[in-house]
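Heads up: the structure comes next, in C-alpha cells.
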Amino acid sequence: MSRSDRLTASLARVPLAQLPTPLEAAPRLSAELGGPPIWIKREDLSGLALGGNKPRQLEFLMAAALADGAQAVVTTAAVQSNFCRACAAAGAKLGIKVGLLLRGTGQEDLQGNYLLDKVLGAELRFTDTQDPYDPRIPLWLDEFVADFTLRGLKTQVLHLPGRTGTLGAAAMVCAGEEMARQFADRQLVPQAVFTAVGSGLTVAGLVLAFKALGLPTRVIGISVQRPASFIVPLIVERANAAAQLLGLAARVDANDFDIDDRHMGGGYGVPSQDAVGAILLGGRTEGLLFDPIYSGKALGGMVAQLREGCWSGSAPLVFFHSGGAPGLFANAAQLTQWLPK
Ligand SMILES: Cc1ncc(COP(=O)(O)O)c(C=O)c1O
C-alpha cells in the first residue's frame, strides 16, 4: 500500500499485490493507430500468480475475511475465471482455504486459469449453469460453506452482491487514485481511460476515484458480457455503495462514464476476430499480452473507436490493462484460425 492512498485509507488491507503498477507509454502502438498518444496502465503486472485487476481487490477482500476470523473462503465464477485463480493464490499465500464453484463441467481442457486453480491448491466444484446471475448460485455457495463448516473451518462467501462487490469497487478506487498520481507526476491530463467490463467493478471504482479527485478524464468501459442497459445501473449502484463505504461525498451517475457494448462478439468467453486482431497488434507493436475474453476485446474496442475517428488531439488515451493472460493459453484452439501460419 502506498502512503498516498488517501481515498481508501479507512479500509483494512493485507499486502498481496505488487503496487503501484507501472504506467507506460506505448509509442509504437500509438504510431500504428495514428490518434492521440496511448499509455498503458500495467495492472496486468500486479503479481499474485499472473496479475490483473483482481490482486488489488483481494488485498481488501482478504483483509475483511481475516478480520472476521475466516479460515476459508468460497467464491464462484466461470471455469476460466481470473478472479478465482487470483483468489486461490491469495488463499495459498495467507493460509486460507479456498473453495471455487466454477461454471463448467470439470471436463474442460486443463489449461489457463483452471490449471492454475489446481496448482494453487483450491478445492473445486462445478455447476452446469453458465449464468453468473443464476438465482441458484447463492444456494450452492451455502452448501459449500456448510461442508467447510462441518470440517471445522470458519468460512466466508465472496460473491458480488453485497460486501464483496462494494469492497471490489473500493479497491479500484485505489487504482484510480494511483493513476491520478502517475498522471500528475508526468503532467498528463488524459482524455479517457479504456478498460474491459465484466461485473463493472473496475469502471465503478475508476469513475468514483476520478470524480472524487475532480479529474476530467472520461472512463470508457468496453463490455464483454452484458449490454449497457444491464450493466450501467449496476456500475452506478456499486460505485455509490463504495462511495458510502469510503465516506466520500462524491456520487456517480450514468452520465459520468460510457459503456460500449458493440464488442462482445459471440458472447462472454467466446473469442472474436477483432479481439484476436487487437491481441496481435499489441503483441507486435509493444510486446504486450492481452487475452481474448477481456483485455483483448477491450483493446479491440479502443482500436475501433480510434478508427471511427472518435478521438483526436494531443491529450493521451490510457488503456487500463486488466490482465487475463492465462486466457490466451486456454483459448489456443479457438485462436488458431486467426493466427498467422
Ligand atoms: C482480465 C480481466 N479483465 C477485466 C475484467 C472485468 O473487470 P470487472 O469485473 O471489474 O468489470 C475481469 C473480470 O473478471 C478480468 O478477469
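Taking residue 252 and the conditions (1) more than 17 Å from the chain's Cα centre (by Cα); (2) of a type outside the set (Ser, Thr, Tyr); (3) surrounded by 23 or more Cβ atoms within 10 Å (Cβ to Cβ); (4) not in a loop (DSSP other than H, G, I, E, B), which numbered condition does it fall short on, given that it satisfies the others?
All conditions are met except number (4).
For residue 194, work out the one condition from (1) among the aromatic types (Phe, Trp, Tyr); (2) within 15 Å of the ligand (Cβ to nearest atom); (3) part of a helix (DSSP H, G or I) it doesn't fulfil.
The single condition residue 194 does not satisfy is (3).
Could you check how many residues of the range 204-249 are more than 14 Å from the ligand (Cβ to nearest atom), polar (S, T, N, Q) and part of a loop (DSSP other than H, G, I, E, B)?
Counting residues in the range 204-249 that are more than 14 Å from the ligand (Cβ to nearest atom), polar (S, T, N, Q) and part of a loop (DSSP other than H, G, I, E, B) gives 1.
Can you pull out every residue in the range 159-191 that is more than 13 Å from the ligand (Cβ to nearest atom), closer than 30 Å to residue 95 by Cβ and of a type in the set (A, V, I, L, M, F, W, C)?
The answer is 174, and nothing else.
If I ask for residues that are touching a Leu at 6+ places or on another chain (Cβ under 9 Å), assigned to a helix (DSSP H, G or I) and of a type in the set (D, E, K, R), which ones from the range 31-72 would you list?
32, 44, 54, 56, 59
Where residues in the range 170-202 are touching a residue at least 40 places away in the same chain (Cβ under 8 Å) and among the charged types (D, E, K, R), which of them is surrounded by the fewest Cβ atoms within 10 Å (Cβ to Cβ)?
186
Quick check on the range 309-323: of everything there that is of a type outside the set (Val, Ile, Thr), within 16 Å of the ligand (Cβ to nearest atom) and in contact with a strand residue (DSSP E or B) (Cβ under 6 Å, 6 or more places away or on another chain), which residue is farthest from residue 38 (Cα to Cα)?
Here the answer is 322.
Tell me, which helices (runs of 4 or more DSSP H) lie completely within the range 260-341 with 1 or more residues that are at pLDDT 95 or above? Spell out the reasoning first.
On the way: elements: 273-286, 295-307, 326-330, 332-335.
Passing ranges, in order: 273-286, 295-307, 326-330.
For the structure I just gave you, tell me whether residue 143 is part of a helix (DSSP H, G or I), more than 15 Å from the ligand (Cβ to nearest atom) and either crowded, with 16+ Cβ neighbours inside 10 Å or not assigned by TED's automatic domain parsing to the domain that holds residue 234 (or both).
Answer is yes for this residue.
Please work out which one of (1) without any contact (Cβ under 8 Å) to a residue 40 or more places away in the chain; (2) among the polar types (S, T, N, Q); (3) more than 13 Å from the ligand (Cβ to nearest atom); (4) touching a Lys or Arg at 6+ places or on another chain (Cβ under 9 Å) is the condition residue 30 fails and give its number.
(4)
The values are calculated or read from the model by the stated rules, or taken from the named source; none is laboratory data. A quick note: this is a predicted structure, and the numbers were derived from the prediction, not measured. We place every Cβ from the backbone using ideal geometry, glycine too, and count neighbours over all the protein chains shown.
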